[in-house]
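Just so it is clear, none of the values below were taken in a lab; they were calculated from the coordinates. Everything quoted here is computed from the prediction, not taken from an experiment. As a convention, Cβ positions derive from the backbone with ideal geometry for all residues, glycine included, and neighbour counts pool all protein chains shown.
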Amino acid sequence: MPPVRRNEDPRLLRGLGCFVDDVDPPGVLHAAILRSPYGHARIGRIDTSVALAHPGVRAVYTAADLGDFNQPAPLVVPHPSLTHGRTQRPLAEGKVCYIGEAVAMVVAEDRYMAEDAVGLIDVEWEPLPTVVDFRVAHEPDQPLVHDDVPNNIAARLEQVVGDPESAFHQAAHVFEEHLFIERSCGSPIETRGVVAVFDPLQQSLTVWDATQAPLTIKNGLANMLGLPEFKVEVIAPDVGGGFGTKIMLFFAEEVLVPWAAMQLRQPVKWTEDRREHFISANQERGQLHTARVAVDAGGCILGVESAFIHDTGAYTPYGMVVPIITVTQLPGPYKVPNYRSEFTVVYTNTPCVSPYRGAGRPHACFVMERLIDRIARELALEPNEVRRRNFLQPDDFPWDVGLTFQDGGPTKYDSGNYPAGLAMAEEMIDLASFRDRQAAARADHRYLGIGFAAYVEGTGIGPYEGAHVRVEPSGRVLAITGLTSQGQGHYTSFAQIVAAELGCDVGDVTVVTGDTSRFNWGAGTYASRALVTAGNALGLAARRVRDKVLTLAAELLEVSPGDLELAQGKAMVRGAPGRELTLGALATAANPIRYAYGKEANQAALRLVKAHEGAVLREGEEPGLEARGFFAPERATWASGQHAAIIEVDPLTGDLRFVRYVVVHDCGVLINPTIVE
């Protein structure tokens with residue numbers, strides 16, 4: 001079969017996408033945020049009078065104006081070891097804890113007026129000492145980010161497997177590494193944005209939000225704003241990248257903009273600029289590891305220990321999710337019989353940290369692979385030989401690592417063939433000839449280096465996702481899920497799953513995502529979980545619709561369901577050409593009212609009406625060809641892979657050049673190989 005192309009691409013490439021910044025309701029006002037210029041400071045008097053008098057300004061809000069609404073955001077993922085969790089208020093109250101923290105909001109007739117007015121707000125600041133180096137934030141002489149959190153320590157946690165102390169005592173060799181992982185910023189192409197429209201007559205709120213979790217935002221907004229959940233609709237239209245940065249409950253603007261729309265009885269819009277993103281959006285990484293590995297004389301791992309400090313920034317919106325993932329993923333694809341890891345989560349006067357692009361996994365992989373390379377270097381072995389000696393083998397699965405994963409379940413690998421993946425990576429990068437190429441390059445005054453890394457990745461976590469599949473009288477199929485798409489190709493891969501179950505063309509399936517009024521249950525698109533959870537939910541819903549189609553078609557064609565096949569958008573009797581009914585005709589027949597819109601529907605309504613006694617719907621029957629499905633995974637599913645790189649270095653200039661980079665990734669069933677590639 002020819003590859004299935006991403007069906008969303010033509011629309012996006014022609015500029016026909018609809019992003020939050022494209023949403024401009026009539027009469028919309030524009031918001032701008034005054035952000036702290038200090039990493040740590042007390043807030044004194046705030047004078048907004050000049051800003052309020054600026055042309056076009058409709059309102060200026062500070063924490064005092066918000067009153068009881070200015071509550072700390074909920075702690076999304078609480079944990080018993082998070083003894084001093086702190087979350088952010090919509091507007092800073094009393095003091096600020098990082099550069100970029102929201103202090104006031106201006107709403108004006110256009111963004112230029114709003115931005116100009118922000119510059120007219122006069123704030124009395126009392127700068128305070130800051131702590132920005134997380135490596136020393138817990139030391140007694142450091143300033144406190146939160147006055148009531150001793151030593152800036154939010155949490156401590158230790159997990160132990162086996163008997164690490166004995167393993168290190170018996171080891172032939174013990175090697176230690178001190179490893180620093182620096183911060184980074186998400187920076188998706190589309191920055192954050194929110195548009196809110198309040199209908200005072202209906203007392204309903206519609207919010208467009210560039211979020212990865214619209215259902216979470218909807219339920220949270222309803223709670224904070226005192227509205228019934230059915231009166232709040234959150235729409236995540238096309239989202240231009242997320243990477244974890246856009247999954248929060250809440251960013252300040254996500255509650256301030258809807259609140260202002262309700263206060264002013266007028267639509268309000270805010271679009272983040274790039275500078276705002278760099279200083280106020282959540283970030284990630286930031287860990288310092290002291291890692292030790294115990295090995296026998298042949299380089300086989302007896303035990304691993306890692307103690308690390310994790311930088312959570314000024315608040316803990318996602319609790320300890322990131323460092324817990326680091327702990328549980330650090331053993332990687334290797335057999336580590338004895339393991340101990342402990343971490344300390346510290347506050348700093350920097351932007352908040354939340355899951356982003358790997359969420360703790362890159363840290364873990366970096367630490368473990370540095371230990372593997374250290375073993376090889378100290379024992380004069382090829383690094384990949386050390387990997388092979390320590391890999392879990394295919395017959396070891398399922399493998400219980402003995403740790404508690406971030407979802408509360410066991411870290412239990414379901415399958416894998418790590419040696420085969422490494423062999424494939426070696427072949428792809430032509431490892432066999434590398435040493436000769438390296439020697440030739442050195443003779444030419446060029447340095448060639450080669451590196452490998454292996455990893456496992458917990459994906460497809462719960463709690464669950466749901467979906468709704470419906471066949472319309474036109475023959476088109478709707479596949480609706482509460483997830484969002486930020487470029488993953490959901491509109492194509494989800495359509496493929498449904499089309500395969502119903503025997504129709506992928507182009508006949510319309511996928512609807514990110515609208516809480518269309519589907520009201522689910523978690524969101526994050527943690528490499530969407531296809532595992534929502535894909536299975538769509539498959540379940542589509543199979544239920546398939547069963548309805550076969551039952552109805554069998555009754556109307558007077559055959560048994562086993563005599564039918566679904567293909568080309570039809571239910572066809574095997575071996576009887578022409579004895580068939582289209583999905584559209586069956587959808588018409590499945591509705592006892594049988595409104596006959598269109599020629600085919602009219603013919604179906606006339607042809608398929610049968611004499612009957614009693615109710616047209618039997619007990620337990622529902623009209624239409626539609627069904628819902630929900631999928632809750634028992635635990636995470638584990639992908640794995642290997643990366644390899646050849647890098648050239650000019651010893652005179654230090655210039656780096658990627659000569660070759662290869663990736664081998666075991667990701668299970670490929671719904672759309674083109675998208676995977």
Report summary line: Note to self: C-alpha centroids of segment 109-140 and segment 477-537 sit apart, in Å, by 41 Å
Query - Residues whose placed amide H lies under 5 Å from that of Val234, excluding near-sequence neighbours - result: Val207, Thr516, Ser517
Requested in this report: Pop out the ³J(HN,Hα) list for segment 472-481 in order, Karplus 6.51 cos²θ - 1.76 cosθ + 1.60 with θ = phi - 60°, rounded to Hz; leave Gly and Pro as x.
Outcome: 9, x, 6, x, 6, 10, 9, 10, 10, 9
Report task. With a 10 Å radius around each residue's Cβ, average the other Cβ atoms per peptide and rank 560-570, 288-298, highest first. Result -> 288-298, 560-570
Query raised in the report: Mind listing the phi-derived Karplus ³J(HN,Hα) values for segment 179-187, rounded to whole Hz, using 6.51, -1.76 and 1.60 with θ = phi - 60°, and x for any glycine or proline?
Result: 10, 10, 10, 8, 6, 8, 10, x, 6
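Quote to one decimal, in nm, the extra length available between Ala380 and Arg135 on full extension: 0.36 nm per residue of separation minus the C-alpha distance between them. Let's see the in-between values first.
Numbers: separation 245, 0.36 × 245 = 88.20 nm, distance 3.28 nm.
Additional length available on full extension: 84.9 nm.
Equivalent ellipsoid semi-axes for segment 177-275, as square roots of 5 times the alpha carbon gyration tensor eigenvalues: give them largest first, rounded to whole Å.
Working: eigenvalues 174, 39, 26 Å².
Over the Cα atoms of segment 177-275, the ellipsoid semi-axes are 29, 14, 11 Å.
Counting other C-beta atoms within 10 Å, which of Ile189, Ile279 has the fewest, and how do the rest follow? Spell out each step's value before the answer.
Working: Ile189 9, Ile279 17.
With the fewest neighbours first, Ile189, Ile279 line up as Ile189, Ile279.
Report, for the chain, the % of DSSP beta bridges that are antiparallel, rounded to 5.
Values: 103 of 122 bridges.
The antiparallel fraction comes to roughly 85 percent.
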Query raised in the report: Can you list the aspartates and glutamates whose alpha carbon is less than 16 Å from that of Lys412, not counting same-chain residues fewer than 8 positions off?
Result: Asp395, Asp396, Asp400, Glu457, Glu634
Query - Cross-link pairs Lys218/Lys548; Lys95/Lys246; Lys218/Lys269; Lys246/Lys269 - those with Cα-Cα distance over 28 Å - result: Lys218/Lys548
Query raised in the report: Tell me, what is the FRET efficiency for Phe630 and Ala576 to the nearest 0.05, using R0 = 60 angstrom and their Cβ-Cβ distance as r?
Result: 0.95
Report summary line: Calc'd 3J(HN,Hα), segment 22-35, phi into Karplus 6.51 cos²θ - 1.76 cosθ + 1.60 (θ = phi - 60°), Hz, glycine/Pro = x, comes to 7, 7, 10, x, x, x, 5, 9, 10, 10, 9, 10, 7, 10
**Report entry** Long-range HN-HN contacts of Val659 with modeled amide H, under 5 Å
**Finding:** Ile646, Ile647, Glu648
Report summary line: So Ala500 and Glu555, fully extended at 0.36 nm per residue minus their Cα-Cα distance, gain in nm 17.5 nm
Query raised in the report: Could you give the distance between the Cα centres of segment 295-350 and segment 25-59, to the whole Å?
Result: 42 Å
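Once you order the gyration tensor axes a ≥ b ≥ c over the Cα atoms, which shape class does segment 347-447 get: rounded for a/c under 1.5, otherwise prolate or oblate by comparing a/b with b/c?
Working: a/c = 2.49, a/b = 1.43, b/c = 1.74.
Oblate is the answer for segment 347-447, as a/c is 1.5 or above yet b/c matches or exceeds a/b.
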Query - Residues in segment 122-139 reached by a label modelled at Thr83 [backbone nitrogen below 16 Å; 7 Å Cα→Cβ] - result: 138-139
Query raised in the report: Once both labels are modelled 7 Å past Cα along the beta-carbon direction, what's the Glu93-Ala432 spacing in nm?
Result: 6.9 nm
Query raised in the report: Simple spin-label model, 7 Å along Cα-to-Cβ: Asp444 to Cys185 in nm?
Result: 3.9 nm
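Subtract the Cα-Cα distance of His178 and Thr653 from 0.36 nm times their separation in residues, and report this length gain in nm to one decimal.
Numbers: separation 475, 0.36 × 475 = 171.00 nm, distance 2.79 nm.
Gain on extension, His178 to Thr653, equals 168.2 nm.
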Query raised in the report: Roughly what would the spin-label model give for Ala64 and Trp125, points 7 Å off Cα along C-beta, in nm?
Result: 2.0 nm
Report summary line: Cβ density ranking, 10 Å radius, fewest first, applied to Glu555, Glu284, Glu233 yields Glu555, Glu233, Glu284
Report summary line: Bounding extents of segment 111-235 in its principal axis frame from Cα atoms, largest first in Å, are 75, 41, 34
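As a check on your grasp of the helix formula, calculate [θ] at 222 nm for the chain: sum -39500 (n - 2.57) over DSSP H runs of n ≥ 4, divide by the residue count, round to the nearest 500.
That comes out to -8000 deg cm²/dmol.
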Query raised in the report: Over what distance in Å are the Cα centres of segment 621-659 and segment 183-232 separated?
Result: 28 Å
